[in-house]
Amino acid sequence: MGQLGFTLDTTSREATLRLNARGRMVLVNPVANRGTAFTEDERERLHLTGLLPGRVTTIEEQVQRTYGQFSRSPSPLSKFIYLSQLRERNEVLYYRLLSEHLEEMLPIVYTPTIGEAIERFSHEYVGARGVFLSVNHPDRIESSLRDFELEPESVDLIVVTDAEGILGIGDQGIGGIQIANGKLGLYTAAAGIHPQRAIPVMLDVGTDNLGLLHSDRYLGERHARVRGRQYDDFIERFVRVVSEVFPNAMIHWEDFGVDNAHRILKRYSGEVCTFNDDIQGTAAVVLAAAIAAVRLTGMPLARHRVLIYGAGTAGIGIADMMRGALESRGHDPGQFYAFNRNGLIIEDSPELRDFQRPYARPRAEIDGWEVANPSKVTLMEAIRHARPTILIGTSASGGAFSEEIVREMASYCERPIIMPLSNPTDRSEARPADLLEWTSGKALIATGSPFASVRRGDVHHAIAQANNALIFPGLGLGVSITRARLVSEEMIYAAARALAGLVNEHRPGAPLLPTMSDLRLVAATVARAVAETAEAQGLARRPLTNPTHDIYERMWKPEYPQLDICETRKDTQS
Ligand SMILES: NC(=O)c1ccc[n+]([C@@H]2O[C@H](COP(=O)([O-])OP(=O)(O)OC[C@H]3O[C@@H](n4cnc5c(N)ncnc54)[C@H](O)[C@@H]3O)[C@@H](O)[C@H]2O)c1
Ligand SMILES: O=C(O)C[C@H](O)C(=O)O
Ligand SMILES: [Mg+2]
């Protein structure tokens, strides 16, 4: 039994909690605490009788009460803080409330409100779960991770960020811990990964955000971002410690800066069980949405022309995956046009990164276009000349898909596929209602942040949320069930295909992806595909005997666990 006075068996959906804590120590522990739901007998045995109001309530009553409190919180940020505090008070109740109101609460505990919570982190700080590792103390990595007090063998997941590229709001320093918590919340709510089997980690390497550096309240290391050799050594040490101490954990990288994201994935993906959500998770969800949209256009993916507006972490991940999907079916690599801050990427563009190079257009092609400035081709000029049929926004440049651009696209394309994927909401390249208006209802849309459905005439257009939340929870579950050694490209494709298989896009106005209210089904389906692929590729360290059963058995449901109250000296004395 650990320092905290409990042990919890999390290996199946029916967890058992062994407790030797007593009195107030039970109530201040979010894993053990069940507040007014402790029965008379439990109160007596745990020395809680005088510490709680007299009436015993059910978890259903607790959910009703907390839902009321949540609803009365006046703003999205105060709702976020209310839910974070509930999570730290009574973990089971938090997840029960969240799972019963998932669609309503997702925009609070995740994108978009989480962006605001991250920006306001140092001002609104009321505690945050997680492990904070400083680049100035690499020697503390192991002890700090162990201090989180999880059984090392039982850790399935480590979600880690260095917060250089949080959503589309850039460098947020220490506040990034909340994106790790947000992602972990979804691993539990969607895929039933037990919250005590995962660790959120913030790698504090400094920040280049001058506002934070100048703020008296800022809680992180107060210096510019460390880069180069010291950064790489820190990452290397982190990966080594995790591999040694938590042999079954997948490392999920979130919201790193564009260069580090690609470099780290390339460096470790063939060696340890690791996954970059912004590169691989996003690509898989977008491929699934594209498969559904392309079916509606009646033209095969190989004949579509794809414009990626924002050739960074997510954008190039998407292009690589679409290209890979085409090549694996024996097609040519496809027609891609990619943009960065300096305009269309052309072979002689300055500051081209290695991962962007495959998408650079030949100069000779652009010489044939009518453009104002040949070294800075604009989006409108590329639309006119390249005539893309799929337009993807991963630029964090809110409103970039203007009326003029979208109307131009609709002039040559019967069903333009348009995906403004940037988060949070104000970074979205366009709003669905506008896209439908400018294309007379013809656009096939998926967005990164949640948007309300749009009614046009008799058709109710439900807007697909192409967020990597439809991929990573199931992927993590599939990996943990099989204890996969690595996350292979094939496992990611399998996840994308499984997700696409859940879409029925043919009803007019139907969304291109399953809705967030179906997250548990989505996660289970993705998990099965991932686990079967890991097994087929010889990457599974645990044999998959009955995938459906294994997955169902492992998906934790937020219910108070069976209590095993251990006898203590205090009991025998009283
Ligand atoms: N829907 C999802 O699941 C999902 C997943 C990952 C990222 N995203 C969103 O995508 C956006 C980008 O994230 P990222 O991690 O790829 O960031 P990033 O910094 O790695 O890449 C951004 C890219 O956009 C380019 N860019 C910036 N401003 C531009 C402009 N005005 N015109 C053209 N290009 C421009 C940059 O040069 C860079 O190549 C963010 O808003 C993020 O929230 C969404
Ligand atoms: O976090 C999200 O909502 C999706 C994605 O990982 C992002 O960085 O925007
Ligand atoms: Mg992200």
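How many of the residues making up region 169-180 are touching a Lys or Arg at 6+ places or on another chain (Cβ under 9 Å) and surrounded by fewer than 24 Cβ atoms within 10 Å (Cβ to Cβ)?
2
Between a residue in region 176-201 that is free of Cβ contacts under 8 Å to residues at least 40 places away in the same chain and any residue that is more than 16 Å from ligand 2 (Cβ to nearest atom) and not in a helix (DSSP H, G or I), which pairs come within a Cβ distance under 6 Å, given they are 6 or more apart or on different chains?
From residues that are free of Cβ contacts under 8 Å to residues at least 40 places away in the same chain, the pairs are 184/198.
Could you look through region 499-525, keep only residues that are under 18 Å from residue 99 (Cβ atoms), among the hydrophobic types (A, V, I, L, M, F, W, C) and in contact (Cβ under 8 Å) with a residue 24 or more places away in the chain, and pick out the one that is surrounded by the most Cβ atoms within 10 Å (Cβ to Cβ)?
Among them, the one singled out is 523.
Going through 343, 330, 334, 317 one at a time, which residue ends up being within 26 Å of the chain's Cα centre (by Cα) and not hydroxyl-bearing (Ser, Thr, Tyr)?
317
For region 163-216, which residues satisfy the criterion of being among the small types (Gly, Ala, Ser) and within 16 Å of residue 424 (Cβ to Cβ)?
163, 165, 168, 170, 175, 176, 182
Could you check region 400-460 for strands (runs of 3 or more DSSP E) lying wholly inside it with 3 or more residues that are in the same structural domain as residue 341 (by TED's automatic domain parsing) and surrounded by fewer than 23 Cβ atoms within 10 Å (Cβ to Cβ)?
In region 400-460, the matching strands (runs of 3 or more DSSP E) lie at 454-456.
When residue 429 is evaluated against the numbered criteria (1) under 23 Å from residue 103 (Cβ atoms); (2) within 16 Å of ligand 2 (Cβ to nearest atom); (3) of a type outside the set (Lys, Arg), which criterion, by number, is the only one it fails?
Every condition holds for residue 429 apart from (1).
Answer yes or no as to whether residue 560 is among the hydroxyl-bearing types (Ser, Thr, Tyr), at pLDDT 90 or above and assigned to a loop (DSSP other than H, G, I, E, B).
For residue 560, the condition - among the hydroxyl-bearing types (Ser, Thr, Tyr), at pLDDT 90 or above and assigned to a loop (DSSP other than H, G, I, E, B) - is met.
Which ranges mark the helices (runs of 4 or more DSSP H) fully within region 118-218 that have 1 or more residues being under 29 Å from residue 486 (Cβ atoms) and either outside the structural domain of residue 314 (by TED's automatic domain parsing) or aromatic (Phe, Trp, Tyr) (or both)?
Once the helices (runs of 4 or more DSSP H) in region 118-218 are filtered for at least 1 residues that are under 29 Å from residue 486 (Cβ atoms) and either outside the structural domain of residue 314 (by TED's automatic domain parsing) or aromatic (Phe, Trp, Tyr) (or both), what remains is 141-147, 177-191.
Can you say whether residue 361 is without any contact (Cβ under 8 Å) to a residue 12 or more places away in the chain, within 24 Å of residue 287 (Cβ to Cβ) and within 33 Å of the chain's Cα centre (by Cα), as far as the supplied structure shows?
Judged against the criteria, residue 361 is not a match.
Does region 363-380 contain any residue that is under 30 Å from residue 110 (Cα atoms) and either surrounded by fewer than 19 Cβ atoms within 10 Å (Cβ to Cβ) or not hydrophobic (A, V, I, L, M, F, W, C) (or both)?
No: zero hits.
Going by the structure shown, is residue 279 surrounded by 24 or more Cβ atoms within 10 Å (Cβ to Cβ), within 16 Å of ligand 3 (Cβ to nearest atom) and within 30 Å of residue 375 (Cβ to Cβ)?
Yes.
Taking residue 287 and the conditions (1) surrounded by 22 or more Cβ atoms within 10 Å (Cβ to Cβ); (2) within 14 Å of ligand 2 (Cβ to nearest atom); (3) closer than 19 Å to residue 448 by Cα, which numbered condition does it fall short on, given that it satisfies the others?
Answer for residue 287: the failing condition is (2).
State the number of residues belonging to region 87-117 that are outside any helix (DSSP H, G or I) and among the β-branched types (Val, Ile, Thr).
Final tally of qualifying residues: 1.
How many residues, within region 530-554, are under 30 Å from residue 97 (Cβ atoms) and either at pLDDT 95 or above or touching a His at 6+ places or on another chain (Cβ under 6 Å) (or both)?
Of the residues in region 530-554, 2 are under 30 Å from residue 97 (Cβ atoms) and either at pLDDT 95 or above or touching a His at 6+ places or on another chain (Cβ under 6 Å) (or both).
The values are calculated or read from the model by the stated rules, or taken from the named source; none is laboratory data. Please read all numbers here as calculations on a predicted model, not as lab measurements. As a convention, Cβ positions derive from the backbone with ideal geometry for all residues, glycine included, and neighbour counts pool all protein chains shown.
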